[in-house]
Every structure is written in structure tokens, then in C-alpha cells.
Amino acid sequence: MRIPIMSGNWKMYKTPAETTAFFAKFRPLVEKSSHCEIVICPPFTNLDAAVAAVKGSNIRVGAQNIGWAKEGAFTGEISGPMILAVGASHAIIGHSERRQYFNETDETVLKRTQAALEFGLTPIVCVGELLADRESGHTEAVLAAQFQKGIAGLTEQQFAKIVIAYEPVWAIGTGKTATPEIAADTHRAIRAQVRGKFGKDAADSVRILYGGSVKPDNARILMAQPEIDGVLVGGAALDPVSFASIVNF
Ligand code: 13P
């Protein structure tokens, strides 16, 4: 039984005051939502406010990135121990926007994932193909390469603690959702990669989230796919009512 994870990625939106206001509205809407885990990933500057606002609730807080070192001369980076110290429990790693604009590679994704695990955070590792990859029939090859160069470098014990997010880049912020069938097919392909490298038990238990234009009106049909173990929501996670309706699909 894979417990769904309904997660939100706020990207570069909201101040601490806006974070507090979000949770004041959101918390009561999901207080009975025991069917899933709920994780919200605000910008680093709001982690403190988010952790304070969710105290005593079923909501967890995550970062949107994590430095691979414990500490050191890495201007602009935030380390695992720092994220943990503020009370967050998860970290998104390898989001396509980081790959596209900030030179994130499969190699650095692996280093960040190892760091998250070393410091006791749950990594949500993102993979996904570009529109050109999908149109040229290369989706599975691209995902296989991301897998092989990235998370395949983990040990079995490490792999057992991660969450994978499949986010087709052409579906992010575009209003184009992958159809439930496309998403489920692709999740199956990713699970096959996992099986090949880490075995059947790992493949059966790893949670694979879908991300890309998830909205209140398509969450239910996506979540109806047995292959889809939750969602990673961008735009629609910024509004408490709309994200609560996704959580309670
Ligand atoms: P949207 O839900 O805005 O398409 O963003 C998806 C995403 O990138 C989540 O990480």
C-alpha cells in the first residue's frame, strides 16, 4: 500500500506573512485528510513561518533545493542541517526549472539526494522530458538516462527513502496536463527502471508523484490511476482553497 503524497511547490512566490495567511486558511480544510501525506515547499525564507504555522497538524514542510555539503564556502546554497534545523522534513531536488536555468545536472541531483538522505530529509527527486523529447519518441530514453546518471547511484537502502516526481516539462505551468494514461504509462516506465536496478520490492514501494498543471478539476482522474501515488502541484498550490480541494480529491 503506497500512501499518497499531495505536495505543493510554491516556487518563487509568497512572503513569510503570506505564508502564515495561507496556512490559517489551509489548515482547517485538510485537518481530517488522513488518506495522504501533505507536504508544502515554500521558498527558503518562508520555511520558518511555514513550520510555525503547521505545528501540531498533519502538514509537513519541505525545501525546494538542498546544498550537497554540510557547510562551507558555497555562496547562495542552503545545507541539509540548516533545513532540518528549521523543522522541515523534505527537499525537492532536480526540478526542471533548476535543470533549465541553474545548470542542475543528473550528477548534482545525485549529490543533493545523497546529502538530503545523509542529513535525514526525504528527497523528492524530479525527472521529466521536454516537449521535443516526447514528440520525437524519446521520452523513455530521456527518463532512463536521468535515472541511470542520477538516482541509480544510490544504494538500495538509500533508494528506499526517496520519492520520485515525474514532471513532463511541457506540462509545467502550461495548462497542458499529461492525460492520466500518458502519466500512468510513464510512471510504469519509471517503475520498470527502478525494478531493473533496485528490484521488485523497491519498485512496488517507491512513490511516484505526477506534476504538471494539476488542478482541482483533474486531480481526481489523475489520482484514479493506480500508478500515480500523489501529485506535485505548482500554481494551484498557491491558493489554500484550490490546493485543499486537490488534497481532498
Ligand atoms: P504547475 O502545477 O504550475 O504546472 O507546476 C508544476 C510544477 O512544476 C511543480 O513542481
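Please treat every number below as a calculation from the coordinates, not as lab data. Predicted model only: the values in this text are computed from it and were never measured. As a convention, Cβ positions derive from the backbone with ideal geometry for all residues, glycine included, and neighbour counts pool all protein chains shown.
Taking a sphere under 11 Å around the Cβ of Arg99 and counting the other residues whose Cβ falls inside, with K and R at +1 and D and E at -1, yields a net charge of -3. In region 30-181, a dipole from Cβ-located charges (positive for Lys and Arg, negative for Asp and Glu) runs towards its positive end, and of Ala50, Ile162, Gly67 it is Ala50 whose Cα lies farthest in that direction. Sequence-distant contacts, meaning Cα pairs under 8 Å at least 6 residues apart, place the relative contact order of the chain at 21 percent.
Remark: relative contact order (region 141-249) = 29 percent; criterion is Cα-Cα distance under 8 angstrom and separation of 6 or more residues.
The rule of thumb for compact globular proteins, 2.2 N^0.38 Å, goes into the C-alpha radius of gyration of region 112-179 1.25 times. Helical content alone sets the calculated 222 nm signal of the chain at -12000 deg cm²/dmol, taking -39,500 (n - 2.57) per DSSP H segment of four or more residues and averaging over every residue. Residue pairs exceeding 22 angstrom between C-alpha atoms, taken from Lys11/Lys200; Lys111/Lys161; Lys32/Lys55; Lys14/Lys149: Lys11/Lys200; Lys14/Lys149.
Translational diffusion coefficient of the chain (Stokes-Einstein, Kirkwood radius from Cα pairs, 4 °C, 1.567 mPa s): 72 µm²/s.
For region 1-109, the square roots of the Cα gyration tensor eigenvalues, ordered a ≥ b ≥ c, give a/c of at least 1.5 with a/b greater than b/c, which places it in the prolate category.
Indicate the gyration tensor shape class of region 47-172 (rounded, prolate or oblate), computed on the Cα atoms with a ≥ b ≥ c the square roots of the eigenvalues: a/c under 1.5 is rounded; otherwise a/b larger than b/c is prolate and the rest oblate.
Note, shape of region 47-172 comes out prolate.
Computed packing ranks the peptides 45-53, 136-144 as 45-53, 136-144, most packed first, by mean other Cβ atoms within 10 Å. Scanning residues 5 or more positions from Arg207 or on other chains, those with amide H under 5 Å from its amide H are Ile164, with H placed 1.01 Å from N in the peptide plane.
For the chain, a simple Cβ point-charge model (Lys and Arg +1, Asp and Glu -1, everything else neutral) yields a dipole of about 420 debye relative to the Cα centre.
Looking at the calculated P(r) for region 177-249, what percent of the C-alpha pair distances fall above 16 Å? Percent of Cα pairs beyond 16 Å in region 177-249: 48. Among 111-121, 208-218, the peptide with the highest mean count of other Cβ atoms within 10 Å heads the list, and the full ranking is 208-218, 111-121. Each label point was placed 7 Å from the Cα along the Cα-to-Cβ direction; for Arg220 and Phe102 their separation is 3.7 nm.
This model, with +1 at the C-beta of Lys and Arg and -1 at the C-beta of Asp and Glu, gives region 203-243 a dipole about its Cα centre of some 80 debye.
Both radii were evaluated on the Cα set of region 127-224; the Rg over Rh quotient, with Rh as the Kirkwood radius, amounts to 0.97.
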